Each structure stands twice: as C-alpha cells, then as structure tokens.
Amino acid sequence: MPTVIQKNMCEDFWVWKDVFDRDDITRSEHGISQSTIYQSGEEPNTCYVVMQIESISKLHSYNEKFLSTGKSIEAGIITSENTVCHDVT
C-alpha cells in the first residue's frame, strides 16, 4: 500500500485542520485509510500529512474532489504538494 506525504502551505493552520478533520468520510471513500498530521515547528502554517492510500488513482480522484467542491479555498490552501512513497524495508 503506497504512502503519500502531502505538504500544505495554508493561510491559517487551524482553519485548514478543521476542514481536513471534517473530510474524513470523503478520504475513506477514496481509499485513504490512515492519516497523521505534522505541523512545522518553523512555519506554523505549513503542515505535512502522511497518508496510507489504496492507489495513486484514488488519491488523484480525492484531490480533484477536494478542489472541485471548494474545500481547498475554504481550508485556505496556498500550495499543496504530494510525494508518493513505497516501503522498501
């Protein structure tokens, strides 16, 4: 199962987190089974989300829905970048 590390720069971390927390059902519907949030110690409005995903295509589908429903605007996302990783241990 791939892991995604998503870096988000947002206007206000706590606004972003509230929107993210309310979107757990949609993430589950798109095959995202776990997520852990890390807030930058140097830039408090930058956060990293580590997620377990079923597939890259489902991740793209989730991201498209997040954008098309206006949640990215509501969350105050300035930039977002996904890095897909595979466990090689």
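The values are calculated or read from the model by the stated rules, or taken from the named source; none is laboratory data. The structure presented is a predicted model; accordingly, all values stated were derived computationally and were not measured. Quick reminder, even Gly has a Cβ in these numbers, built from the backbone with ideal geometry, and neighbours come from all protein chains shown.
Can Ile37 be described as of a type in the set (A, V, I, L, M, F, W, C), outside any loop (DSSP other than H, G, I, E, B) and either surrounded by 13 or more Cβ atoms within 10 Å (Cβ to Cβ) or in contact with a helix residue (DSSP H, G or I) (Cβ under 7 Å, 6 or more places away or on another chain) (or both)? Yes: the conditions hold for Ile37. Scanning segment 14-22 for residues that are modelled with pLDDT of 95 or more, over 11 Å from the mean Cα position of the chain (by Cα) and among the acidic types (Asp, Glu) turns up at least one hit. Against the conditions (1) surrounded by fewer than 15 Cβ atoms within 10 Å (Cβ to Cβ); (2) part of a helix (DSSP H, G or I); (3) hydroxyl-bearing (Ser, Thr, Tyr), Tyr62 satisfies every one except (1).
Cβ-Cβ contacts under 8 Å between residues 6 or more apart (or on different chains), taken from a first residue in segment 62-77 that is among the charged types (D, E, K, R) to a second residue that is buried (at least 16 other Cβ atoms within 10 Å of the Cβ) and not in a strand (DSSP E or B), are listed as Lys65/His30; Lys71/Val19; Lys71/Asp23; Glu74/Val19. Every listed requirement among (1) of a type outside the set (Gly, Ala, Ser); (2) surrounded by 13 or more Cβ atoms within 10 Å (Cβ to Cβ); (3) in contact with a helix residue (DSSP H, G or I) (Cβ under 8 Å, 6 or more places away or on another chain) is met by Tyr48 save one, (3).
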